[in-house]
Amino acid sequence: MQHLAGLGHRQIGLLHFDTITALRLVTGYDAALAALGLPPETPRELRDESPAELEKTAEAIQREVRAGTLDALIVHHDVAALPLVSRLRQLGVDIPADLAIVAYDDELAALSDPPLTAVAPPRTEVGATAVDLLVRRLADPARPLHHLLLRPQLRIRASCGSAESAESGGTGGTGGTGGTGGTGGTGESSGTGESSGTGESSGTGVRRDRRVRRVRRLVGRAAAAGLAAEQAHGERSGHRASY
């Protein structure tokens with residue numbers, strides 16, 4: 001939000017799936033709008049990944065962009081962002097000239113055209129921290145409870161029109177709350193599938209390949225749905241002209 005506002009965007013939307021993190025996401029979004037002095041917006045929810053849902057959403061976004069009521073969009077997550085960007089461009093929306101986009105997850109965002117600025121969670125650090133907390137808990141079951149916050153990175157690419165190419169952000173933490181007994185936690189799942197070294201584990205590579213194939217299917221379906229919609233519109237226009 002701060003990155004988009006810093007680039008001059010004032011009407012920043014949020015598009016998300018109904019997941020277990022949606023409530024926190026919307027709460028943080030509303031708080032950021034208020035803190036930045038931006039006008040309140042109503043978050044948009046994607047019901048599923050179907051071509052029909054994507055088409056409806058893309059057309060609604062296009063109308064808002066053309067009306068001047070939307071100039072930036074945060075999309076949670078990049079599996080939805082890639083086919084959405086493809087369809088928006090088919091509808092004549094220029095990314096980022098007409099609409100800046102920030103995705104979340106950063107597993108596939110760099111594969112988009114244009115490459116998407118994305119929030120990248122620190123998966124390796126989450127896993128390492130979870131194991132460390134577990135080992136400490138086993139060694140001392142009575143140690144005080146800890147709640148750690150690991151901050152994600154913002155990886156800046158072309159979808160926001162920023163001149164920066166370097167990655168910003170980093171990881172950080174907050175102090176834990178006192179107490180006795182119980183188990184410690186990081187607030188996130190420890191199963192990231194990534195190795196702690198510089199490369200990726202084989203599990204990560206396989207999963208990423210699957211997500212790439214999934215997104216390609218979604219982009220293909222979105223393109224097909226868009227073509228069908230345009231053909232149907234042309235046929236209706238032709239019928240009207242013939243009467």
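Just so it is clear, none of the values below were taken in a lab; they were calculated from the coordinates. All figures in this text were calculated on a predicted structure; none of them were measured in a lab. Note: ideal-geometry Cβ built from the backbone for every residue, glycine included; neighbour counts use all protein chains shown.
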- Message: Among (1) free of Cβ contacts under 8 Å to residues at least 60 places away in the same chain; (2) crowded, with 18+ Cβ neighbours inside 10 Å; (3) closer than 23 Å to residue 28 by Cβ, there is one condition residue 79 misses while meeting the rest; what is its number?
- Response: (1)
- Which of the residues that make up the stretch 146-164 are under 30 Å from residue 108 (Cβ atoms) and assigned to a loop (DSSP other than H, G, I, E, B)? 148, 149, 150, 151, 152, 156, 157, 161, 162, 163, 164
- Note on the structure: Going through the stretch 94-112 in order, the residues found to be surrounded by fewer than 20 Cβ atoms within 10 Å (Cβ to Cβ) and within 20 Å of residue 59 (Cβ to Cβ) are 94, 97, 98
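Would you check which residues across the stretch 82-101 are part of a loop (DSSP other than H, G, I, E, B), among the β-branched types (Val, Ile, Thr) and out of contact with any Lys or Arg (no Cβ under 7 Å at 6 or more places or on another chain) and list them?
93 - this is the single residue of the stretch 82-101 that is part of a loop (DSSP other than H, G, I, E, B), among the β-branched types (Val, Ile, Thr) and out of contact with any Lys or Arg (no Cβ under 7 Å at 6 or more places or on another chain).
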- Look through the stretch 102-145, keep the residues that are under 11 Å from the mean Cα position of the chain (by Cα) and not in a loop (DSSP other than H, G, I, E, B), and return whichever of them is nearest to residue 13 (Cα to Cα). 102
